[in-house]
Amino acid sequence: DKCRCCNSKLELISYYPDIIDQRKLIEEATALAGFAGAMLLNRDEPIGFSWGYPIPEERTQSVNFPVIRAMLKERGVNPNEVFYGAETGIIAEYQRQGLGSIIASIRCSEAQKRNYRFFANRTINPQMKAINNNIFSNTEATELFEDPETKSPWFMWQFKDFNQEYAKKKLEDF
C-alpha cells in the first residue's frame, strides 16, 4: 500500500513482475563475470545484502542489458567502464540503522578496486539514492534515463568521487 522507506502512498512499481523464483535471480547474478557482493549476518542469519557486477552484454531476468548498453552509449558512456549496483536490501527489523550504507559501501569499495570509471544504479528508492550520494562524496547522481521496462530511473556516479574514508568509517562504526 505504501513505500517502506518513506511511507509515501504513491503506487509502487513491481521490479520483478515476471520472476517467480528469486533463487534463480541470485544464481544468475552470482554467475556473472565480475560479480561483487557482500552479506550482513546477525549470528548466522542473513539480515542484509548488496551486490553488483559490470554491465553484461546479455539480458538478465531483471534488466535488458543490450538495450541499456545502447542507451549508455547514446549518452557518451562506455558500458564497459560501468559497474552496476544491482541489489541492496536490509530486512525490515534492521532498517534505519545505517546498515544499507555499510553494505553498499563494501560493494562500491570492491568495485572501485577494479578500476571502473562509473557506478550505475536503477532505483525508485530515494533512500538508496541518498546512500549512494553519500558514498560518492555527497555528489548528486546524474540521472541517465528511465528504464524502458520498469520505468524506474537509472542514476550514475563517478568512481573518482568515491569516498574511501566514508566507507572506512562506516565499517569501523559497525
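Brief remarks follow.
- Matching residues, the stretch 148-174, being among the basic types (Lys, Arg) and at pLDDT 95 or above: Lys160
- Residue among Leu12, Leu41, Leu32 that alone is modelled with pLDDT of 85 or more and open to solvent by 80 Å² or more (accessible area, probe 1.4 Å): Leu41
- Pairing residues of the stretch 25-44 that are within 16 Å of Ile103 (Cβ to Cβ) with residues that are open to solvent by 30 Å² or more (accessible area, probe 1.4 Å), at Cβ distances under 6 Å and at least 6 apart in sequence or on separate chains, gives Ala36/Glu110; Ala38/Ile106; Met39/Pro46; Met39/Phe49.
- For the stretch 60-79, residues that are within 25 Å of Lys24 (Cα to Cα) and modelled with pLDDT of 95 or more total 7.
- Matching residues, the stretch 94-108, being open to solvent by less than 20 Å² (accessible area, probe 1.4 Å), touching a strand residue (DSSP E or B) at 6+ places or on another chain (Cβ under 9 Å) and of a type in the set (S, T, N, Q): Ser105
- Residues of the stretch 79-93 satisfying the condition of being surrounded by fewer than 18 Cβ atoms within 10 Å (Cβ to Cβ) and of a type in the set (A, V, I, L, M): Ile91, Ala92
- Flag: Phe145 does not match the condition of being touching a strand residue (DSSP E or B) at 6+ places or on another chain (Cβ under 7 Å), in a strand (DSSP E or B), crowded, with 19+ Cβ neighbours inside 10 Å and modelled with pLDDT of 90 or more.
- Of all residues in the stretch 93-102, at least one satisfies being of a type in the set (Phe, Trp, Tyr) and either farther than 20 Å from Val77 by Cβ or in contact with a Pro (Cβ under 6 Å, 6 or more places away or on another chain) (or both).
The values are calculated or read from the model by the stated rules, or taken from the named source; none is laboratory data. Just so it is clear, the model here is predicted, and its values are computed rather than measured. Virtual Cβ from ideal backbone geometry, glycine too; neighbours counted across all protein chains shown. Only protein heavy atoms, including side chains, enter the accessible area calculation; ligands, DNA and RNA are left aside. Shrake-Rupley method; radii C 1.70, N 1.55, O 1.52, S 1.80 Å.
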